[in-house]
């Protein structure tokens, strides 16, 4: 099961995203009372805005629509802050109050806008090349910045404001757990039956997901063995991404845990367990991977004088392991799932690494549409790769056509004559073919 889980996570992870370097100029008209820290913050914000605008335009994203959504959402966010400030300063009562209100409003609004949306998370690193002011108008400030843009974070930021995809609410979450014992039996955990231990942990997780997980679902069901087998069979048959449906309905949360007894101290009456594991969260209808992760190893050494207490302490340690990971489920689930789907058929595949290399290449060139490519099926020397993405299918099709002729792993992607545009084959590269000829002679 461990190998199956690792293979699943390996096959369907999103590929790497390229980065880009852009330059931007920030401009800000300061006031005499503005301090240098405030001025620098505003200049950086304006520089970042120009840099991100350039990068969005380079990627083919609608920067005007993004900033319009950004401004609209910021105004909605700041409106209650402005109303609260009015109540405190009462600008309608006197000219002095009006002046105080306008000064405070300007400072608070500019500070809030520079932080709103955390747009700086799309900036991987930056350097200030120049900071100056106009000789004729000293309060006119300028800053030139060069920055490395993280395209993945930028597209995530873009999608979070544009919301070009939508998702129906989830009704249920199926919790599927697999507890594996290493160098031990269930009696070593302080119980007679497996269910006496696992049911306690599952019930705690179920309660936490409903009450504290922020998932917003109405029901959590601890899956039985038949449903777990169904889930594992789908992974084993490489059916993830195979369906073209994308409507959300139910969540599948699969958790694998390994309990390894590493020490039994009969003198001190202590028993030590090392616990490791991983999880994956999927949309059950689209099979879209929403989240996955590996838990750090937890080590517990507890007294065995009272086996009931020992079992409770071990179960409590295991129960707490995923909570910090699962706290982000609410944000993950509310993000849009790519609504478009294409499938590529490839022949002359040597092994699974060829298919994964092509998937990674598609993920890289498809960053604009937040494409997620993964292996659908591998049979003999033929593979199918499924691609989910946002936006116009014809544009994605043109991007994919542009991959014909590209080289991966000493092989060239070629289109098949008299076949559809999404039917490819792999052929040895010219350099690889020459090496084979030399070796044969």
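Name the one entry in 107, 53 that is closer than 30 Å to residue 147 by Cβ and within 31 Å of the chain's Cα centre (by Cα). Reasoning before the result, please.
Working: 107 fails: within 31 Å of the chain's Cα centre (by Cα).
Just one listed residue meets the conditions, 53.
Taking segment 87-108 only, how many residues are over 25 Å from residue 32 (Cβ atoms) and in contact with a helix residue (DSSP H, G or I) (Cβ under 7 Å, 6 or more places away or on another chain)? So that I can check it myself, show each step before the final result.
Applying the first criterion (over 25 Å from residue 32 (Cβ atoms)) to segment 87-108 yields 87, 90, 92-93.
Within this subset, residues satisfying the condition of being in contact with a helix residue (DSSP H, G or I) (Cβ under 7 Å, 6 or more places away or on another chain) are 90.
Residues that pass the stated criteria total 1.
Please count how many residues of segment 109-136 are in contact with a helix residue (DSSP H, G or I) (Cβ under 7 Å, 6 or more places away or on another chain) and either in a helix (DSSP H, G or I) or outside the structural domain of residue 52 (by TED's automatic domain parsing) (or both).
Matching residues across segment 109-136 total 11.
Can you tell me which of (1) touching a helix residue (DSSP H, G or I) at 6+ places or on another chain (Cβ under 7 Å); (2) at pLDDT 90 or above; (3) surrounded by 17 or more Cβ atoms within 10 Å (Cβ to Cβ) is the one residue 70 doesn't meet?
Every listed condition holds for residue 70 apart from (2).
In segment 376-392, what count of residues is obtained for those that are farther than 17 Å from residue 352 by Cβ and loosely packed, with under 13 Cβ neighbours inside 10 Å? Show your work before the answer.
Within segment 376-392, the first condition is being farther than 17 Å from residue 352 by Cβ, and the residues that meet it are 387-392.
Filter again for loosely packed, with under 13 Cβ neighbours inside 10 Å, leaving 392.
Count: 1.
Quick one: which strands (runs of 3 or more DSSP E) lie wholly within segment 305-420 and hold at least 1 residues that are more than 28 Å from the chain's Cα centre (by Cα), modelled with pLDDT under 85 and more than 30 Å from residue 270 (Cβ to Cβ)?
Values: elements: 340-347, 372-379, 382-389, 411-415.
Hits in segment 305-420: 372-379, 411-415.
Out of the residues in segment 243-281 that are buried (at least 18 other Cβ atoms within 10 Å of the Cβ) and modelled with pLDDT under 65, which is nearest to residue 179 (Cα to Cα)?
Among residues in segment 243-281 that are buried (at least 18 other Cβ atoms within 10 Å of the Cβ) and modelled with pLDDT under 65, the one nearest to residue 179 (Cα to Cα) is 248.
Out of curiosity, is residue 53 within 20 Å of residue 160 (Cα to Cα), surrounded by fewer than 17 Cβ atoms within 10 Å (Cβ to Cβ) and touching a residue at least 12 places away in the same chain (Cβ under 8 Å)?
Values: within 20 Å of residue 160 (Cα to Cα): yes; surrounded by fewer than 17 Cβ atoms within 10 Å (Cβ to Cβ): no; touching a residue at least 12 places away in the same chain (Cβ under 8 Å): yes.
No, not satisfied.
The values are calculated or read from the model by the stated rules, or taken from the named source; none is laboratory data. The shown structure was predicted, so the numbers you read here are calculated from the model rather than taken from an experiment. Positions of Cβ are backbone-derived with ideal geometry, glycine not excepted, and every protein chain shown enters the neighbour counts.
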